[in-house]
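Following: one structure in structure tokens, then a few remarks.
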Amino acid sequence: MTETGNNDDLKTQTELLDRVAQIEQQISMRIVGQKTVIRQLLIALFTDGHVLLVGVPGLAKTRLVQTLAQVLSLEFSRIQFTPDLMPADITGTEVIQEDKLTGQRELAFMRGPVFGNIVLADEINRTPPKTQAALLEAMQERQVTIGRTRHDLPSPFFVLATQNPIEHEGTYPLPEAQLDRFMFQLVIDYPTAEEELEIVKLTTSDNEAELDAVLSADEIQSFIQLVRRMPIADHVARFAIDVARATRPDAELSTESVEKWVQWGAGPRASQFMVLGAKAHALLEGRHAVEYADILAVAPGVLRHRVRLNFSAEAEGRTVDDVIQHVLDHVQNITDQDRLSAEAPEILRTNDAS
């Protein structure tokens, strides 16, 4: 934390930890397991980022987002993406309205479902690129433009998009410009046997848990600012940058495997998101400064949709997660060696003095 207002920041961090514990407890009343995914969603929320959720049907992706919105007491909107969805169906449009007193007609803007605090873009890859692109300005600029008029979106503004990874017929893969707007790509996997039993018991009874609102929009904004004030040492930020650069073929830090498997790697936005995510992760872990472990915790979600593999990787059965883990191990090994090299002169001086 900065020296100015240090006590206030410590108090705010304590409040954040208390609220996060309440949020996770409330969500667990409706959602079984998925603790890592829930924590990553909260990290994205407190860094003002967006999330792409990937998982097969039936894993409660929509239910998770709805539950999160209810616990956070935020305005929730759901957009079901279909092949016939038009951009105006997302952003809204101008319609002619008649003033009953004067009889005059004028254009009035009717807001679309994108005007919410938490927007669920369900099955986003089922709509054509023209409609997908309608989210671009909203996600990046936090506004939409209709005609010549710009309309600001509410704050906070959090887009959670879902995507089915196994069904590709009749779908439209998200273009890289759209993917890069998402902070995280999170994978929702199948539950364990014990978790699935709990899910069946929870969803086949007539008892629906009543959830309490834990966090307001103003409080979320204050926590977003707290994350921004979180200190990070240059060598830790450099670690995040090295991870991003090591994913790029022909870069100084890349390995032979990266050059063999990767078509293109992550850009500078990945470094920014890793640092921001690491700051939030450190806060939620109760620490007052960012460590390497925080970068490692958020790196897979940040890089998963920013590293594009080539045919060689697919032919060898390599996945994006395999390559990301290879890169993390490589950069961590280099960092450990550099640290040992820097400490060696001090050790020698100590031995000579003895």
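Key figures
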| item | result |
| --- | --- |
| Simple Cβ-charge dipole of the chain, Lys/Arg +1 and Asp/Glu -1, about Cα centre, in debye nearest 20 | 740 |
| Within the stretch 75-100, backbone nitrogen closer than 20 Å to the virtual label 7 Å beyond the Cα of Arg111 toward Cβ | 75-80, 87-97 |
| Rounded to 10°, Cα long-axis angle of helix 61-72 versus longest principal axis of the chain | 90 |
| Label point distance in nm, Asp84-Thr319, each placed 7 Å from Cα along Cα→Cβ | 3.7 |
| Cα convex hull of the chain, projected area averaged across orientations, nm² | 25.7 |
| Selection from Ala209, Val323, Ala108 lying farthest towards where the dipole of the chain points positive, charges on Cβ | Ala108 |
| Acute angle (nearest 10 degrees) that the helix 234-246 long axis makes with the longest principal axis of the chain, alpha-carbon atoms | 70 |
| Expected 222 nm ellipticity per residue - DSSP helices of 4 or more, -39500 (n - 2.57), all of the chain, to 500 | -15500 deg cm²/dmol |
| Label point distance in nm, Glu176-Thr102, each placed 7 Å from Cα along Cα→Cβ | 5.2 |
| Local electrostatic count at Ile96 - Lys and Arg +1, Asp and Glu -1, tallied over other residues with Cβ under 15 Å | -2 |
| Range of Cα positions in the stretch 207-293 per principal axis (Å), largest first | 53, 37, 20 |
| Crossing angle, helix 217-229 versus the chain [Cα axis fit, 0-90 degrees, rounded to tens] | 20 |
| Residues listed by number, the stretch 216-256, amide nitrogen under 19 Å from Arg287 label point at 7 Å toward C-beta | 226-244 |
| Against the rule of thumb 2.2 N^0.38 Å, how large the Cα Rg of the stretch 119-201 comes out | 1.38 |
| Against the rule of thumb 2.2 N^0.38 Å, how large the Cα Rg of the stretch 170-261 comes out | 1.75 |
| Charge dipole (the stretch 1-229, unit charges on Cβ, about Cα centre) - positive-most of Gln34, Ile96, Val54 | Ile96 |
| For the stretch 116-168 versus the stretch 290-341, the gap between their alpha-carbon centres in whole angstrom | 29 |
| Zero-based 10 Å bins, Cα pair distances in the stretch 231-354, whole percents | 13, 39, 28, 14, 5, 1 |
| Too-long pairs where the Cα-Cα distance tops 27 Å, listed order kept, from Lys201/Lys279; Lys35/Lys279; Lys130/Lys279; Lys11/Lys279 | Lys201/Lys279; Lys130/Lys279 |
| Theoretical gain in end-to-end length, Leu136 to Arg238 [0.36 nm per residue, Cα-Cα removed] | 33.8 nm |
| Total formal charge among the other residues, if their Cβ is under 13 angstrom from that of Met183, Lys/Arg +1 and Asp/Glu -1 | +3 |
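Readers should treat all values here as calculations from the given coordinates under stated rules, not as data from a laboratory. No experiment lies behind these values; they were computed from the predicted model shown. FYI the Cβ positions are ideal-geometry reconstructions off the backbone, even for glycines, and counts take in every protein chain you see.
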